[in-house]
Amino acid sequence: MSGPYCDSYFIASPYLLDAHADERLPYERLLGDALAGQGALFTRQDAVEAAWAAVDPVLKPRRPVRTYRRGSWGPPESDALIAADGGWLNPSRSNKTTA
């Protein structure tokens, strides 16, 4: 016979592929428990709402974001942050100090 030859035969495998056929996948178990009313795996609504009540204020911006031109020293409102300490002095050659 010329050309490739292929023959098949049975061999005993140490792997039992259907040994876990009766076990459900994790999502199958989760959805099955939800449909069956098993609440032990799920967080109650009041607990979820309490968690969001703690996190939500941090996620919501309290003040609008101030935009400024690239390369500048920031928006004019930033000067108010340091005004009580004498203000901000933008670095330049004329105001450099030497040690």
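Read the figures in this text as sums done on the coordinates, not as results from a lab. If you're wondering where the values come from, they're calculated on a predicted model, not measured in any experiment. Every residue, glycine as well, gets a Cβ built from its backbone with ideal geometry; the counts of neighbours run over all protein chains shown.
A few comments on the model shown:
- Farthest toward the positive end of the dipole of the chain, out of 88, 71, 42, is the Cα of 88, where the dipole comes from beta carbon charges about the Cα centre.
- Calculated from the structure at hand, Cα Rg over 2.2 N^0.38 Å is found among (i) 1.30; (ii) 2.71; (iii) 1.02 as (ii).
- In this simple spin-label approximation, residue 72 and residue 13 carry label points 7 Å from Cα along the Cα→Cβ vector, and these lie 6.9 nm apart.
- Against the main long axis of the alpha-carbon atoms of the chain, helix 26-35 sits at an angle near 80°.
- Here residue 30 and residue 63 are evaluated by their C-beta separation; at R0 = 30 Å the FRET efficiency comes out at 0.15.
- Considering helices alone, the calculated mean residue ellipticity of the chain at 222 nm is -8500 deg cm²/dmol, with DSSP H runs of length four and up weighted by -39500 (n - 2.57) and normalised per residue.
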